[in-house]
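Reading through the structure tokens given below for one structure.
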Amino acid sequence: MEKTNRIKELRKQAMALPQLPGVYIMKDSQNTIIYIGKAKALKNRVSQYFGSDTGHTEKVRRMVSKVDRFEYIVTDNEFEALVLECSLIKQYSPKYNILLKDDKGYRYIRISPPPYSRISVALQKPDDGARYLGPYISGFVVKEAVDEVNRVFQLPTCNRVFGKGKRERPCLNHYIDQCCAPCNGYISKEDYDERIEQAIEFLTQGGTKLLTLLERRMNQAAENLEFEKAARLRDRIAAIRRLGQKQKVVRSRIAEQDVIALARGEKGVFFEVFRFKKGKLYDREDFVVEEGGDLPPVRSEFLQRYYSIRDYVPPQVTLDGEIEDQELTEQWLSEKAGRRVYIVQPQKGEQAQLVEMCRGNAAERAAQQVGIAGRDAAALDELARLLGLSQPPRVIESYDVSNTGGSDNVAGMVVFENGQPLKSSYRRFKIKTVVGQDDYGSMREVLTRRLAEYEEHKGEDNGFGRLPDLILLDGGRGHVAAVRPILEAGGYNVPVFGMVKDSRHRTRAISGEGGEIAINGRRSAFTLVSSIQEEVHRYAIAYHRQRRAKRGIGTVLTQIKGVGKVRAEALLRHFGSVKAIRSASADEITAVKGVSRPAADAIRKYFDENK
């Protein structure tokens, strides 16, 4: 009651606010600032918090439940409100705003003391006798450099101790040409030290200078008839050149830009940032923020927080989707950078491919949190975007109806969890109330029975005991229109779409009541939906064929005088097939429980006369 009265009082105060731009500051009962926001019209924006909470996310509901009072600051325009909002958030770090931790601490490359030095990443530079390169501001750059140099020069990354006289069996890295195996004595101490020196030259001088040096040494070794040494140098030169080719893969024709994409997961929204300079990826970062509802405002708030903790803003920021207040954000970034900054959302070409790569990495981070494959997480996230879902659908149910000219009406239900088939939850339905070929009526019956099973088994972890996050029907708008009223009547808020096939019986589009959504150009989502449609069709038609075959067999046996449905089923269970019954003697048939001697003689006579 006290909470209700407090919300009513806060709404009353909000309705008295001016219709002017400004910043509002939410505080709790301890007078601590818990949220700061900007508004084009303070009255409209703030009053929304204290009205109906139907459209609120769980995060907003929690924040509103903690609000004890609010303050506001009127500004001359919305841009001033944005600048003030960013400044205040940076100053107070409110609990319910997106807050990003700046973890850009210095990194070092560590070369451990000889003998058999190792190259690794270090966060500190202690006085331990090791050699340190750096400091470097980008942890990504340091890790990539260390991984590459260890791979190119086949240096060990394990914890084994070398040079103690004991030889050990080499690990897998040696057999895939990623380690020179000093543990087994496959390389002398002198050759190992030479590799380390070349690796340090590679790190400090770059690949071009080292290539020139190695080529000179290779030619000299060949002239001295040291062919084995020349071959080793040749292989090292080839490895460095392959590394250069690999680095060219992630390049951009835009010299300086940040590419930012997100993926939604069970534990929040995962952002990935690719940073380019001179057309080359030089840094990458990832962040996770709590779910904030619609993606455009989430992207907008992320940009504001991200560039509040960064000194440098590139000329272009490339995003994977729309943001709220793009013009205001561009103006704010431009003022911060001291030059024009553009925010773009590419739809095709090289830039769109970079966005997809960035989004794939974000999906991989999201997938790691729940233990699913990054490929599946990316497909589910892409499907959610296409269908306008607030979250990637973790559990998808799909239905298909199968019959032959209206007879042997059946349906199949398949379940995909985290993008993979969950066969233990598959279900089959024999249509009971529909006569003739009525796919819409059959689909209505199936969904009605499925929901009734849910009410009976509610709370169970699998099977009928839980509702899916998405229902996909093998069919078009008519199928969707047929079953949606059943869900709405029961108060089940489960999105329903149809899967439409082309003339070649291949997945073409997804259908809703508003029309069709093309998915051909969305590779991950297309592959997932196609596999779901193929699986549910296979499952339904297999059940239909089984029913039809069983009916055909039953018809043959029940044509015999004295053989009804019960005896026919007993015979089939005992012999396994009509062919085996046809070959059995009367005595063998009589041995079946429930089959009398006259019935056995009648069966034998029937097959003898119908050879």
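The values are calculated or read from the model by the stated rules, or taken from the named source; none is laboratory data. Just so it is clear, the structure is predicted and the values come from calculations on it, not from any experiment. Quick reminder, even Gly has a Cβ in these numbers, built from the backbone with ideal geometry, and neighbours come from all protein chains shown.
What the table below lists for this structure:
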quantity	calculated
Criterion violated by Tyr192 - all others in (1) surrounded by fewer than 18 Cβ atoms within 10 Å (Cβ to Cβ); (2) assigned to a helix (DSSP H, G or I); (3) at pLDDT 80 or above satisfied	(1)
Pairs where the first residue, in the range 74-100, is touching a residue at least 12 places away in the same chain (Cβ under 8 Å) and outside any helix (DSSP H, G or I) and the second is among the aromatic types (Phe, Trp, Tyr) and surrounded by 15 or more Cβ atoms within 10 Å (Cβ to Cβ), C-beta under 7 Å, 6+ apart	Pro94/Tyr35; Tyr96/Tyr35; Asn97/Tyr35; Ile98/Phe302; Leu100/Phe287; Leu100/Tyr306
Every residue from the range 380-394 that is in a loop (DSSP other than H, G, I, E, B) and within 16 Å of Phe526 (Cα to Cα)	Gly388, Pro392, Pro393
Conditions (1) at pLDDT below 80; (2) closer than 30 Å to Glu285 by Cα: number failed by Ala199	(1)
Per-region count, the range 28-55, residues surrounded by fewer than 16 Cβ atoms within 10 Å (Cβ to Cβ), within 22 Å of Phe302 (Cα to Cα) and under 34 Å from the mean Cα position of the chain (by Cα)	1
Residue count, the range 580-601 (criterion: under 21 Å from Gln546 (Cβ atoms) and either β-branched (Val, Ile, Thr) or modelled with pLDDT under 80 (or both))	1
Qualifying residue in the range 257-266 (condition: over 17 Å from Ser390 (Cα atoms) and out of contact with any helix residue (DSSP H, G or I) (no Cβ under 9 Å at 6 or more places or on another chain))	no
Matching residues in the range 259-302 - criterion: being closer than 29 Å to Leu84 by Cα and part of a loop (DSSP other than H, G, I, E, B)	Glu290, Glu291, Gly292, Gly293, Asp294
Looking only at the range 1-25, and only at residues there that are within 20 Å of Asp53 (Cα to Cα) and polar (S, T, N, Q), the one that is modelled with the lowest pLDDT	Thr4
Options Lys38, Lys12, Lys43: the member that is of a type in the set (Lys, Arg), outside the structural domain of Glu324 (by TED's automatic domain parsing) and free of Cβ contacts under 8 Å to residues at least 24 places away in the same chain	Lys12
Scope the range 46-65; condition free of Cβ contacts under 8 Å to residues at least 40 places away in the same chain and in a helix (DSSP H, G or I); matching residues	Val46, Ser47, Gln48, Tyr49, Arg61, Arg62, Met63
Candidates Pro113, Pro135, Pro156 - the one that is touching a Phe, Trp or Tyr at 6+ places or on another chain (Cβ under 9 Å), surrounded by fewer than 17 Cβ atoms within 10 Å (Cβ to Cβ) and in the same structural domain as Ile237 (by TED's automatic domain parsing)	Pro135
Verdict on Phe271 being over 24 Å from Ala377 (Cβ atoms), not hydroxyl-bearing (Ser, Thr, Tyr) and not assigned by TED's automatic domain parsing to the domain that holds Glu417	no
Entirely in the range 400-511, the strands (runs of 3 or more DSSP E) that have 2 or more residues that are among the β-branched types (Val, Ile, Thr) and without any contact (Cβ under 8 Å) to a residue 40 or more places away in the chain	496-501
Only listed residue being under 29 Å from Lys458 (Cα atoms), modelled with pLDDT of 75 or more and buried (at least 20 other Cβ atoms within 10 Å of the Cβ), chosen from Val563, Val536, Val500	Val536
Which numbered condition Arg359 fails, given (1) farther than 30 Å from Gln533 by Cβ; (2) surrounded by 15 or more Cβ atoms within 10 Å (Cβ to Cβ); (3) of a type in the set (Lys, Arg)	(1)
Inter-residue pairs, beta-carbon under 8 Å, first touching a residue at least 40 places away in the same chain (Cβ under 8 Å) and in the range 217-236, second polar (S, T, N, Q), 6+ apart	Arg236/Gln198
One residue from Ser398, Ser390, Ser402 being among the small types (Gly, Ala, Ser), surrounded by fewer than 20 Cβ atoms within 10 Å (Cβ to Cβ) and at negative phi	Ser390
